[in-house]
Amino acid sequence: FSFNLSDRLCYLLGLLYQEYRDKSTRQEIETRRLQDSQTDPEESSPSEETPSEAEPTSITESKAPPQISLLRNSNSRFNLWQDLPEIRSSGVLSILQPDEIKLQEAMFELVTSEASYYKSLNLLVSHFMENERLKKILHPSEAHILFSNVLDVMAVSERFLLDLEQRVEENIVISDVCDIVYQHTVNHFSVYITYVSNQTYQERAYKQLLQDKPAFREVISQLELDPKCKGLSFSSFLILPFQRITRLKLLVQNILKKVEEKSDRENTALDAHKELETVVKACNEGVRKMSRTEQMISIQKKLEFKIKSVPIISHSRWLLKQGELQQMNGPKTSRTLRTKKLFREIYLFLFNDLLVICRQIPGDKYQVFDSAPRGLLRVEELEDQGQSLANVFILRLLENADDREASYMLKASSQSEMKRWMISLAPNRRTKFVSFTSRLVDCPQIQCVHPYVAQQPDELSLELADVLNILDKTDDGWIFGERLHDQERGWFPSSMGEEILNPKIRAQNLKECFRVHKSDDSQRRKLGSRNRQ
C-alpha cells in the first residue's frame with residue numbers, strides 16, 4: 001500500500017466503538033433468543049449462528065483497495081466477512097466448510113472491532129485531550145489523572161491493528177489472528193493495567209472537576225455536542241480501554257469455540273486467551289486495590305472493641321458484606337413469644353477471612369462483641385418458620401473470640417437478604433442449583449438483557465449478552481449466578497435477564513465453556529497433584 005491502511009479503514013468506518021459494541025451485543029442477545037425458541041439449535045442458518053461476528057466494517061485485500069464502498073454507509077446493517085464483494089467474487093465460499101466460514105467471521109470481527117476501537121480512542125485524544133480550551137482550564141496534574149496513559153494505549157492499539165491488517169492482506173482466507181493477539185498481550189498490553197488501575201482516581205477527578213470548575217463543565221458539554229461524538233458522553237470515551245480489553249478476551253473465546261479441536265489454531269487461541277485473562281484479572285485487581293484500602297481504613301476508624309482487639313487492616317483482606325440483622329434474644333424456648341423485645345439489632349462486617357459482630361453505638365461507631373475466622377462459620381436455615389420467624393437462620397461460630405463455639409439466631413429483612421448472608425457467610429454451602437464446575441449435564445441459565453452495576457460487594461455487575469448459570473434464586477426477585485466466561489459469582493435482580501429454556505442451547509453453552517477453560521483445568525490438575533505430593 002502507498003498509504004496507511006489503518007487510516008483508510010478508520011476513515012471509512014461508520015461506527016464508533018461504543019456504537020459497535022452496543023449493536024454487536026444486542027445482536028448476540030437476539031440470536032440467542034432465536035436459537036432458544038427453536039427445538040433444535042442446529043436448524044439456525046449460518047448468519048444466525050454468528051451472533052457477534054457481524055461487523056460494521058470490512059477489510060479488503062491489497063489487490064483491491066477501492067472495493068470498500070459498502071463501508072461508506074454507516075447506517076447499513078452489520079457486514080459479514082462472507083458479504084464482502086472480494087469474498088463473494090472469489091468463489092471461496094463454495095470451497096470452505098460452514099465451520100471454517102464461521103471461524104473466518106469470528107477472526108474478522110476481532111480485526112474490524114479493533115479498528116472501531118482505535119477510531120474512538122483517536123477521538124478521545126484529538127477531540128478532548130488535545131482541545132486547546134480544555135488544556136488552558138486543566139492543570140497538568142489534573143489532565144494526567146483524567147487521561148492517564150491513553151497515548152500509550154492508543155499507540156499499542158495502532159501497532160496491534162497494523163499487524164492484524166497485515167495478516168488479513170496476506171490471503172483472502174485469514175490464516176489466524178490469535179498468534180498476533182498472544183504476542184501483543186505478552187509484550188504490550190501491560191499499558192491497559194496502568195490505565196485501568198487509575199480508574200478510581202479518574203472517576204473521582206472527573207466528578208470533582210465538574211463540580212469545582214464551571215468552565216470545564218461548559219467545554220466538555222460543548223465538545224460532547226459535536227456531531228463527531230454521535231451523542232456519546234465524554235465518560236463513555238474514558239472507559240473504552242477497560243471495555244476493550246474485556247471484550248477482546250470474549251472475542252478470542254468466540255474464536256476458540258470455532259477452531260478445530262486439538263489443532264495448532266486451538267493451542268494458539270488457548271495461549272492468547274490465557275494471557276488476556278491474566279491482563280483482565282490484573283486490571284480488576286488494580287481497580288479494587290485502592291478502593292478496598294480506603295474502605296478498610298474507614299471501617300477500622302468506626303470500630304471499638306469490647307473484646308480483645310483484632311487488627312482489621314491487612315493487604316490481603318477486603319470487605320465482602322456488611323449490614324444490620326436482628327438477633328434473637330434469650331434461649332430457644334422463647335421463640336414462640338410475640339413480644340417486641342424478641343429481637344435486637346446487631347451489625348455484621350464480613351471480610352474474606354474474618355467476621356466481626358457488633359452493636360451500633362452513637363457517633364456512627366460500632367462496638368465489637370464477637371468475631372471468628374470466616375472458615376470457621378456454619379449456617380443453617382430454620383425450616384418450621386411461622387410469620388414472626390420468617391427469614392431466620394442460625395449462624396454458628398465454631399471458634400469465636402473466646403475460643404469457644406457460639407450460636408446466633410439471626411433474622412433478615414427479606415428472603416433474598418437471608419440467602420445473601422447465608423451464601424456470603426458460608427460460601428461452600430450447597431446452593432439450590434449446583435455450579436457448572438461440578439460437570440452437571442444441565443443447569444438453569446440466564447442471559448443478561450439489561451446491563452447492571454453492582455451496588456453491594458456481594459453483587460455482580462452484568463454486561464449485555466453475559467450468560468450465567470443460576471446457582472440460587474429467591475422469591476423476591478434475586479438470582480445468585482456464576483458467569484460462564486470468567487466464573488465470577490454474585491447476586492443480581494432477576495429482571496436483568498431472560499432464562500434460557502432450550503436444554504440443547506444450555507448444553508452447548510456449557511460445552512463451549514469447558515473447552516475455553518480446559519487449559520485452566522489441566523493447570524489446576526497439575527497443581528493439585530503437586531500439592532498432594
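The values are calculated or read from the model by the stated rules, or taken from the named source; none is laboratory data. Quick caveat: nothing in here was measured; it's all calculated off a predicted structure. Heads up, the Cβs are rebuilt from the backbone with ideal geometry, glycines too, and the neighbour counts pull from every protein chain shown. The area values use the complete protein model at the heavy-atom level, side chains included, leaving out ligands, DNA and RNA. Shrake-Rupley method; radii C 1.70, N 1.55, O 1.52, S 1.80 Å.
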Residue check for Leu276: in contact with a Ser or Thr (Cβ under 8 Å, 6 or more places away or on another chain) and buried (at least 18 other Cβ atoms within 10 Å of the Cβ):
yes
Could you tell me whether Cys229 is closer than 26 Å to Asn149 by Cα, in the same structural domain as Leu209 (by the TED database) and crowded, with 22+ Cβ neighbours inside 10 Å?
no
It is to be established whether one or more residues within segment 167-185 are open to solvent by 50 Å² or more (accessible area, probe 1.4 Å) and either on the phi > 0 side of the Ramachandran plot or aliphatic (A, V, I, L, M) (or both).
no
Give Thr246, Thr194, Thr268 a once-over and let me know the one that is open to solvent by 60 Å² or more (accessible area, probe 1.4 Å) and either touching a residue at least 24 places away in the same chain (Cβ under 8 Å) or outside the structural domain of Glu109 (by the TED database) (or both).
Thr194
Find the residue count for segment 171-216, including only residues that are assigned to a helix (DSSP H, G or I), of a type outside the set (Asp, Glu) and closer than 30 Å to Gly91 by Cα.
3
Wholly enclosed helices (runs of 4 or more DSSP H) of segment 219-337 bearing at least 2 residues aliphatic (A, V, I, L, M) and within 26 Å of Leu462 (Cα to Cα):
240-256, 264-302
Somewhere in segment 408-428, is a residue modelled with pLDDT under 95, open to solvent by 70 Å² or more (accessible area, probe 1.4 Å) and within 26 Å of the chain's Cα centre (by Cα)?
yes
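Every residue, every condition in (1) at pLDDT 95 or above; (2) over 27 Å from Arg489 (Cβ atoms), yes or no:
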| residue | (1), (2) |
| --- | --- |
| Ser298 | no, no |
| Leu303 | yes, yes |
| Ser334 | no, yes |
| Ile357 | yes, no |
| Leu377 | yes, no |
| Gln387 | no, yes |
| Leu395 | yes, no |
